[in-house]
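The values are calculated or read from the model by the stated rules, or taken from the named source; none is laboratory data. Remember, predicted model here, so these are calculated numbers, not experimental data. Here the Cβ is made from the backbone with ideal geometry for all residues, glycine too, and neighbour counts use every protein chain on show. Heads up: the accessible areas ignore ligands, DNA and RNA and are worked out on the full protein's heavy atoms, side chains in. Shrake-Rupley method; radii C 1.70, N 1.55, O 1.52, S 1.80 Å.
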Amino acid sequence: MTATTSAVPTYGNYIGGEWRPAASGALLENRNPADTDDLIGRFAASGKADVEAAIAAGAEAAASWANTSAIARGNILYKASELLAARVERGGRELAREEGKTLKEGIGETTRAVQILRYFAGETAQPNGEHYPSANPLTLLYTVREPLGIVAIITPWNFPIAIPAWKIAPALAFGNTVVFKPASLTPLCAVRLVEVLAEAGLPPGVLNLVTGSAGEVGEPLVRDERVVGISFTGSNAVGQELKQIAAERGAKIQLELGGKNPAIVLADADLDQALLHVVNGAMMSTGQKCTATSRAIVERAIAGPFTQRLGERIGGLRVGNPLAPETQIGPLVSEEAAERVAGEVAQARQAGVQLVTGGSRLTENGLNRGHFVAPTLFADVSPESRLGQEELFGPVLGVIPVDGLDEAIAVANRVRFGLSASLFTRDLGKALAFVRGIQAGVVHVNSETAGAEPQVPFGGMKGSSSYSREQGKAAREFFTQLKTVYIDPPA
Ligand code: ADP
C-alpha cells in the first residue's frame, strides 16, 4: 500500500445498529470508472458470517418494528428524507464519482431518493386494509396488511441510491426489517442511504447493510429460510436463478430485470421533440438504465433524414469526466462492461450493420484511464438481429425502419422483454392504439422511455419483471401479506 492510498477512507457494514468491519476483516476497493487511478474507498468484503449476523439482527428487531405504529415509522422516513435533502450536492457528486453518470444526473437521482423517502413516509398514513360487508349483519369483516418479516433487498449499480430507496423505504414503512446487499460496484451510495436512515432514528437491527460480492453475500442471503421476501433488481440471468431459489423454499420474490425498450417515431410526430427524447432515452446515464431506449422504430418515410439527425446529435455528445460541468456522457461502470459493449458493437459491424456514428472505445485525452465507449448509432437494424433483440446496457442505439404503426407495434413486441416503450405522434387515435397494443409495463406518448415517478407503479411485462410492481400503491402489495378478520359479537 502506498502513502497516497493511506488517506483513502474505509467503510464497514451496518449490523444491529453498529458500523463494523467484515468478520474476516477483508476489504474491497471501489474505484472511479472515469479514472481508475482514483480510489474512492475500501468497503467490507463480507461473507457468510456477516450475512448471518445481519439476518439475526433483523430477526431480533422484527417483532418490535412490526408493532411500532406505521405513523412513527413514517416519521423516521420523513426525517431521513430531510437529512438526505441537506446532502444532495455531496451525494450527487459521490454518485457521479462512483457510478459514472454525470454530476447533474447524480444530483437528480439523489433528489429522487429524497422524494421516494418522502412519498413512503406519507404512505404510512394511508389505509392498510379494507372493510367488507358480511353475510351476517353483525359481523365486522375486514382485511389488514401485515409485514412479511425479514426481507432481502438486492440492488444493481445503475441507480445506486434511487433503487435501494424505492425498495427499502416501503419495506420499512410497512413494518419489515431489512438486510440490504448493494451492488459491489456502488457501495458508497448504499452507505450514504443507510447513514441517513440510521441518523433519523431507526432502531438497531431494523435495517442492516452487508457489502460484498454476489457469491459471498447475495447467495447465502437469498438461501436463508428466515428471509421471507426478496426484492431484486438486476440482470435477467441472476433474476431467473433467484426465482428458482425462492420457489424451492417458498419465499416471496419480486424481480425487476432488463428491457429492450422501443421508441416509435411516426412521420407526423414533432421530430425535434422525438429527436431530443430518443437521444436522451438512449444515451443519458451512458445507456445503462433498464428503461433506456435501445431501438428507434421509425416510419420509413422519415427514417433516412431522422437517422441522419440522430447521428449528428449522438456524434456531437460530449463524453468525458462526469464531474466536469460540460460533460453529457460519462464512462461505462466497469472495464468489463465497456469491453462487453465494445465487443457487441464490433460484432454488429462485422455482421455488416450500417454504423452511423461511434463504434469504438474512446481513449484520447485521458479517457484511457476510464471505461469509455463512444455513443453509437446503427442504421437499418434488423429487428431479429442480436442488436434488435438483446439488451446491450450501453450507449448504443439501433434504428429499425417500418411501414406504419401496426408494423411498428408488432416489431416493438417481438422481443422477450416488455419494460417501457414510447411513441412519438400527434395523432390521438394512433396514440390510443399504441397504448392498447404495446406489451410494456410503462408506456409513454411523446416522452422518453426512461423515467419513473414514485407515486405510480413501476415494472415490466413478459421477461422484464415477475408480475409484481414496485413504487406507488403497488409497493404495499409486495411488502405485506393479507390477514382477513371476522369479528362477531359474543353470543
Ligand atoms: P448488475 O450487473 O446490473 O448489478 P447483477 O444481476 O449481476 O446485475 O447483480 C445485481 C445484484 O445482484 C448485485 O448486488 C449482485 O451482487 C447481486 N447478485 C448477483 N448474483 C447473485 C446471486 N447469485 N445471488 C444473490 N445475489 C446476486
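The residues in the stretch 412-426 that are outside any loop (DSSP other than H, G, I, E, B), open to solvent by 10 Å² or more (accessible area, probe 1.4 Å) and over 23 Å from F393 (Cβ atoms) can be counted, and the count is 0. All told, I230 falls short of being more than 27 Å from R112 (Cα to Cα) and open to solvent by less than 50 Å² (accessible area, probe 1.4 Å). Restricting attention to the stretch 200-217, the residues that are open to solvent by 10 Å² or more (accessible area, probe 1.4 Å) and in contact with a Lys or Arg (Cβ under 8 Å, 6 or more places away or on another chain) add up to 3.
Residue pairs whose Cβ atoms lie under 6 Å apart, sitting 6 or more positions apart in sequence or on different chains, and linking a residue in the stretch 452-478 that is within 17 Å of P164 (Cβ to Cβ) to a partner that is among the small types (G, A, S), are F458/A452; G459/G441; G459/S465; E470/G459; F478/S468. Residues in the stretch 435-480 that are of a type in the set (F, W, Y) and at positive phi: Y467 alone. Once the stretch 47-87 is narrowed to residues that are in a helix (DSSP H, G or I) and of a type in the set (V, I, T), the residue that is nearest to G17 (Cα to Cα) is I55. Determine if the stretch 53-62 includes at least one residue that is touching a Leu at 6+ places or on another chain (Cβ under 9 Å), touching a residue at least 12 places away in the same chain (Cβ under 8 Å) and surrounded by fewer than 18 Cβ atoms within 10 Å (Cβ to Cβ). No, every residue in the stretch 53-62 fails to be touching a Leu at 6+ places or on another chain (Cβ under 9 Å), touching a residue at least 12 places away in the same chain (Cβ under 8 Å) and surrounded by fewer than 18 Cβ atoms within 10 Å (Cβ to Cβ). Within the option set E312, E364, E391, being farther than 28 Å from R416 by Cα, open to solvent by 20 Å² or more (accessible area, probe 1.4 Å), out of contact with any strand residue (DSSP E or B) (no Cβ under 6 Å at 6 or more places or on another chain) and not in a helix (DSSP H, G or I) holds for one residue only, E364.
Checked against (1) open to solvent by less than 10 Å² (accessible area, probe 1.4 Å); (2) more than 16 Å from the ligand (Cβ to nearest atom); (3) not β-branched (V, I, T), L95 passes all but a single condition, namely (2).
Across the stretch 88-136, the qualifying residues are those that are in contact with a strand residue (DSSP E or B) (Cβ under 6 Å, 6 or more places away or on another chain) and outside any helix (DSSP H, G or I), and the one among them that is nearest to G320 (Cα to Cα) is N128. Which members of the stretch 233-253 meet the condition of being among the charged types (D, E, K, R) and surrounded by 14 or more Cβ atoms within 10 Å (Cβ to Cβ)? Passing the criteria: E241, K243, K252. So I409 fits all but one of (1) surrounded by 17 or more Cβ atoms within 10 Å (Cβ to Cβ); (2) closer than 30 Å to F372 by Cα; what number is the exception? (2) is the only condition that I409 fails.
Residue-wise test of (1) among the hydrophobic types (A, V, I, L, M, F, W, C); (2) farther than 30 Å from S382 by Cα.
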{"site": "A162", "(1), (2)": "yes, yes"}
{"site": "L193", "(1), (2)": "yes, yes"}
{"site": "V196", "(1), (2)": "yes, yes"}
{"site": "G229", "(1), (2)": "no, yes"}
{"site": "N236", "(1), (2)": "no, no"}
{"site": "R249", "(1), (2)": "no, yes"}
{"site": "K252", "(1), (2)": "no, yes"}
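Screening T68, T36 for residues that are open to solvent by 10 Å² or more (accessible area, probe 1.4 Å) and in contact with a helix residue (DSSP H, G or I) (Cβ under 8 Å, 6 or more places away or on another chain) leaves exactly one candidate, T36.
In a residue-by-residue description of the stretch 430-442, the property of being over 28 Å from M283 (Cβ atoms) and charged (D, E, K, R) applies to at least one position.
Would you confirm, using the coordinates I've provided, whether E82 is modelled with pLDDT of 95 or more, within 16 Å of the ligand (Cβ to nearest atom) and not hydrophobic (A, V, I, L, M, F, W, C)? Criteria not met by E82.
Restricting the search to strands (runs of 3 or more DSSP E) fully inside the stretch 139-194 and requiring at least 1 residues that are closer than 21 Å to I253 by Cβ, open to solvent by less than 10 Å² (accessible area, probe 1.4 Å) and more than 10 Å from the ligand (Cβ to nearest atom) gives 150-154, 177-181. Checking each residue in the stretch 347-361 for being open to solvent by 40 Å² or more (accessible area, probe 1.4 Å) and either hydrophobic (A, V, I, L, M, F, W, C) or in contact (Cβ under 8 Å) with a residue 40 or more places away in the chain (or both) picks out A351, L355, V356.
T124 meets the stated requirement of being β-branched (V, I, T), farther than 27 Å from N32 by Cα and more than 16 Å from the ligand (Cβ to nearest atom). Residue-level analysis places A80 outside the set of residues that are among the small types (G, A, S) and open to solvent by 20 Å² or more (accessible area, probe 1.4 Å).
The C-beta contact set for the stretch 78-105 (first residue under 19 Å from A200 (Cα atoms), second residue hydroxyl-bearing (S, T, Y) and open to solvent by 10 Å² or more (accessible area, probe 1.4 Å), distance under 6 angstrom, 6+ apart or interchain) comprises V88/T111. Exactly one residue among P9, P33 is under 26 Å from the mean Cα position of the chain (by Cα), in contact (Cβ under 8 Å) with a residue 12 or more places away in the chain and farther than 26 Å from L172 by Cβ, and that residue is P33.
This table checks each residue for (1) more than 16 Å from I153 (Cα to Cα); (2) in contact (Cβ under 8 Å) with a residue 60 or more places away in the chain.
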position	(1), (2)
F232	no, yes
N236	yes, yes
G239	no, yes
G250	yes, no
D268	yes, yes
S285	yes, yes
K289	yes, yes
S294	yes, yes
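Would it be correct to say that S385 is modelled with pLDDT of 95 or more and open to solvent by 50 Å² or more (accessible area, probe 1.4 Å)? Here the answer is no, as S385 does not meet what is asked.
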